Amino acid sequence: MSEPRVRRAEIAIEQSHVDRVYTRLAELRRQAEDMRAKGYEIGHGAQREAVFEQASMLFERDMMVFHANQTLQSLDAEYEGLVFGRLDHTTAEPVYVGRLGIRDADFENLVTDWRAPAAAPFYQATAEEPMDVVRRRVIRCSGQQVLDVDDDVLMPESVPDGMPVVGEGALMAALGRARGDRMRDIVATIQKEQDEVIRAPWRGVTEITGGPGTGKTAVALHRAAYLLYRYRRQLGGAGVLVVGPSGVFTSYISRVLPSMGETNVELRSLGELLDGMQATRYDPAPLAAVKGSLRMRKVLLKALRDTPPEAPTELRIVYKGEVLKLGAKELEKARKKVHSAGGPPNRSRVRAAETLLEALADKAEENAKAGGPQLDRADVVHDLGERIDFHRFLVTWWPVLYPAQVLRWLGDERKLARAGKNVLTAEEVTLLAESLRGEGDDWTVADVALLDELRVLAGPPPKRRTQRAQDIELDAAQTRDSDDPARHRAARPAHYDEYSHIVVDESQDLSPMQWRMLGRRGAYASWTIVGDPVQSSWPDPAEADQARTQAFGAKTARRRYTLRTNYRNSAEIFDLAAEVVAGRAASGEELPNAVRKTGLEPEIRRVDDATRETAVHAAAKELLDAVDGTVGVICAMDRVPEVERWLAGQAEERLKVVGSLDSKGLEYDAVVLVEPTELITESLTGRRVLYVALTRATQQLTVLASDDDWR
Ligand SMILES: Nc1ncnc2c1ncn2[C@@H]1O[C@H](COP(=O)(O)OP(=O)(O)OP(=O)(O)O)[C@@H](O)[C@H]1O
């Protein structure tokens, strides 16, 4: 038979299996819906029963509905491309590999979940170590329709007569396909070196390094899905946290995990790690360097211990006709004494009251010595401690401290200079104070780590009675609606520190203060850390390393994997990027290998102030015409609004303007890079940021530059 006919015949064979799978899927859906309906019926009768029976009925109902919903959710999420692989062994029946495990009514395997041990040879078998796999086949579907098949022969000598082999490489075909605005999963074409990382043991710390486009992000996300599948009992309930650099990035990767059926995963950017925060603004590099440094911890601690701006400077109270007065100095002495005990201020009000009462009693004794009436010390302490005017004073003198309020205080340069004495330079004080002078919730990404630090240093504010009642109500509502997993997540408190596994992407950029913030959330966690030191925009790697090691705690097991193949960029594009970092930022780090040639060299065009706008327009238009997928226009952060304005007329779904720092982790079919030298000068680690920007395109790159300094 000719090749196209063989291919058609093979597609038809796979189509009949895929049809069986979807028929079964429809049956399973119906069963789950029936179960959910039954569950709700149980609930209806509950009001009439005795309390005890009512509770157990509601529990049964919740469990049934919860399980039915989970089944439905995962069946629906995995619908697209459910079956994607097939293994033919020397013996036994073929094994089909897919996003879910599905059995027929007789418990025969129709599809094996990609994360199950039986599916591992799909990723691990090679010609050298075939693991008994004769032929590995990738099946590409759209909906329920098989579009194509693609084979690898691993044991040529064992191919039985009549077993056809078709195709020329599923990986290359996948890499050449157009990109959308969300990351796709790579589950059908995971490579062996990547699979080893995905299936690495879950305990301890797993580090994944590698150059741009080596699949670090993809691998980390698939690892999260794999771990939750294999170790659901250990990892599921407490949840897995995935942290990315920006909101743009988390939205880009958001589709990968739910499509793998994982609802126990929480995705947050660094600006959202603290509940209620949604910071997206970045500080200029020198300021970010100050805010991220461990020195800030000392500054914050001192700020908390300083006199609050509104605190009264005199306590005057009349007791048995005697005036007892504490002046500013005496009050400060008392404040110091309370702080020296070391407790968080919000937990120290009782101590503050005791200290003030002792100081008042001292005062009474002093007065007596000077001829005043003799007062009993114990009486003074006891009686004043019950006085309402004393308590009124106390709450203003020792107020509850809220992180946002304390950080705003440091917008006052004098106050910041006091808190930063011997820690910050005069220039740093000026710079920092200016940035903290803002209003409301307009925080930067780096501020969030400071707020989190303050939250811990200040201690939890005492709860009011109404708030406690609200919490109880929330708990009750949660039990009632326990079939909605999103609810469990939303109800996690700000101090939730029990994630069972934390995945950190683009970890090379985390500041020491951000590592501390993460460490707090992973007190009991194992970790997957993803990063590329060459792309780092953090100026003091040693300090960040120290904070990072502390974040992991006493975890002993630490394994490191390096991925070496760049799957994103064409070789032509990556050559230009490599030239920009070679010998400078790379300093000994190995650069990856780009495997795909397109024959299209990047274009470098000269622009100036007069021609820049038209050139951006023209380049964007050309690239939109040239590729099917997305086009990214990358420029320095400061230039974003202007470039957006220039391209407003060209508003196309496929066209995105993105600032250099936001481009981390993203990719486009084609990229227009505007003024590369500006990317170098806007950040402390200049060339590395440019390197990131140059490695975002899969197919075509146009650089618009008014100088050659960047080369
Ligand atoms: N095995 C694979 N099969 C198909 N595509 C792959 C494979 N591995 C990686 N890719 C693709 O390569 C591109 C780069 O992957 P990813 O973004 O995970 O790389 P990265 O190492 O995180 O890059 P960077 O450090 O530049 O952000 C993505 O489009 C991804 O889908």
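The values are calculated or read from the model by the stated rules, or taken from the named source; none is laboratory data. Values in this document were obtained by computation on a predicted structure and should not be read as measured data. Quick reminder, even Gly has a Cβ in these numbers, built from the backbone with ideal geometry, and neighbours come from all protein chains shown.
When the stretch 144-162 is examined, which residues are found to be in contact (Cβ under 8 Å) with a residue 24 or more places away in the chain and touching a Gly at 6+ places or on another chain (Cβ under 9 Å)?
Listed by number, the residues that qualify are 148, 149.
For the stretch 264-292, name all the residues that are polar (S, T, N, Q) and either assigned to a helix (DSSP H, G or I) or surrounded by fewer than 19 Cβ atoms within 10 Å (Cβ to Cβ) (or both).
278, 280 - these are the residues of the stretch 264-292 that are polar (S, T, N, Q) and either assigned to a helix (DSSP H, G or I) or surrounded by fewer than 19 Cβ atoms within 10 Å (Cβ to Cβ) (or both).
Quick one: count up the residues across the stretch 659-697 that are farther than 25 Å from residue 625 by Cβ and within 12 Å of the ligand (Cβ to nearest atom).
Adding up the residues that qualify gives 5.
Kindly provide the set of residues from the stretch 207-246 that are in a strand (DSSP E or B) and more than 15 Å from the ligand (Cβ to nearest atom), ordered by number.
Hits for the stretch 207-246 are 240, 241.
Is at least one residue of the stretch 132-149 over 27 Å from residue 25 (Cα atoms), surrounded by 17 or more Cβ atoms within 10 Å (Cβ to Cβ) and outside the structural domain of residue 699 (by the TED database)? Outline the logic, then answer.
Taking the stretch 132-149 and keeping what is over 27 Å from residue 25 (Cα atoms), we get 132-134.
Okay, now just the ones that are also surrounded by 17 or more Cβ atoms within 10 Å (Cβ to Cβ), so 133-134.
Those still in the list that are outside the structural domain of residue 699 (by the TED database) too: 133-134.
Among the residues of the stretch 132-149, at least one is over 27 Å from residue 25 (Cα atoms), surrounded by 17 or more Cβ atoms within 10 Å (Cβ to Cβ) and outside the structural domain of residue 699 (by the TED database), which makes the answer yes.
Out of contact with any strand residue (DSSP E or B) (no Cβ under 7 Å at 6 or more places or on another chain) and closer than 27 Å to residue 512 by Cβ: does that describe residue 332?
Here the answer is no, as residue 332 does not meet what is asked.
Would you check if there is a residue in the stretch 562-575 being within 30 Å of residue 598 (Cβ to Cβ), of a type in the set (A, V, I, L, M) and assigned to a strand (DSSP E or B)?
Yes.
Within the stretch 330-353, can one find any residue that is among the polar types (S, T, N, Q), surrounded by 13 or more Cβ atoms within 10 Å (Cβ to Cβ) and in contact with a helix residue (DSSP H, G or I) (Cβ under 6 Å, 6 or more places away or on another chain)? Walk me through how you get there before you give the answer.
At the first step, the residues of the stretch 330-353 found to be among the polar types (S, T, N, Q) are 340, 346, 348.
Filter again for surrounded by 13 or more Cβ atoms within 10 Å (Cβ to Cβ), leaving 346, 348.
In the following step, the residues that additionally are in contact with a helix residue (DSSP H, G or I) (Cβ under 6 Å, 6 or more places away or on another chain) were identified as 346, 348.
Yes - at least one qualifying residue is present in the stretch 330-353.
Regarding the stretch 102-111, can at least one residue be identified that is without any contact (Cβ under 8 Å) to a residue 60 or more places away in the chain, buried (at least 17 other Cβ atoms within 10 Å of the Cβ) and in contact with a strand residue (DSSP E or B) (Cβ under 7 Å, 6 or more places away or on another chain)?
no
If I ask for residues that are closer than 26 Å to residue 595 by Cβ and either in a helix (DSSP H, G or I) or not assigned by the TED database to the domain that holds residue 618 (or both), which ones from the stretch 650-701 would you list?
Across the stretch 650-701, the qualifying residues are 663, 676, 687, 688, 689, 690, 691, 692, 693, 694.
Among the residues of the stretch 698-710, what is the count of those that are within 13 Å of the ligand (Cβ to nearest atom) and modelled with pLDDT of 95 or more?
0
If you go through the stretch 53-72 one residue at a time, do you hit one that is in the same structural domain as residue 160 (by the TED database), of a type outside the set (Asp, Glu), assigned to a strand (DSSP E or B) and touching a helix residue (DSSP H, G or I) at 6+ places or on another chain (Cβ under 6 Å)?
Within the stretch 53-72 (the criterion being in the same structural domain as residue 160 (by the TED database), of a type outside the set (Asp, Glu), assigned to a strand (DSSP E or B) and touching a helix residue (DSSP H, G or I) at 6+ places or on another chain (Cβ under 6 Å)), the answer is no, since none of the residues qualifies.
Could you give me the residue pairs with C-beta distances under 8 Å whose first residue belongs to the stretch 525-539 and is closer than 18 Å to residue 686 by Cα, whose second residue is among the basic types (Lys, Arg) and more than 9 Å from the ligand (Cβ to nearest atom) wherever it lies, and which are 6+ apart or on separate chains?
534/688; 535/688; 536/688; 537/688
Any residue that is under 35 Å from the mean Cα position of the chain (by Cα) and surrounded by fewer than 22 Cβ atoms within 10 Å (Cβ to Cβ) - is there at least one of those in the stretch 151-170?
Our first condition is that a residue be under 35 Å from the mean Cα position of the chain (by Cα); within the stretch 151-170, this holds for 169-170.
With the extra rule that they be surrounded by fewer than 22 Cβ atoms within 10 Å (Cβ to Cβ), the set shrinks to 169.
Yes, because at least one residue in the stretch 151-170 is under 35 Å from the mean Cα position of the chain (by Cα) and surrounded by fewer than 22 Cβ atoms within 10 Å (Cβ to Cβ).
Among the residues of the stretch 183-206, which ones are within 11 Å of the ligand (Cβ to nearest atom) and among the charged types (D, E, K, R)?
Matches in the stretch 183-206: 184, 185, 192, 193, 195.
Might you check whether a residue that is surrounded by fewer than 20 Cβ atoms within 10 Å (Cβ to Cβ) and at pLDDT below 90 occurs anywhere in the stretch 653-663?
Looking through the stretch 653-663, at least one residue is surrounded by fewer than 20 Cβ atoms within 10 Å (Cβ to Cβ) and at pLDDT below 90.
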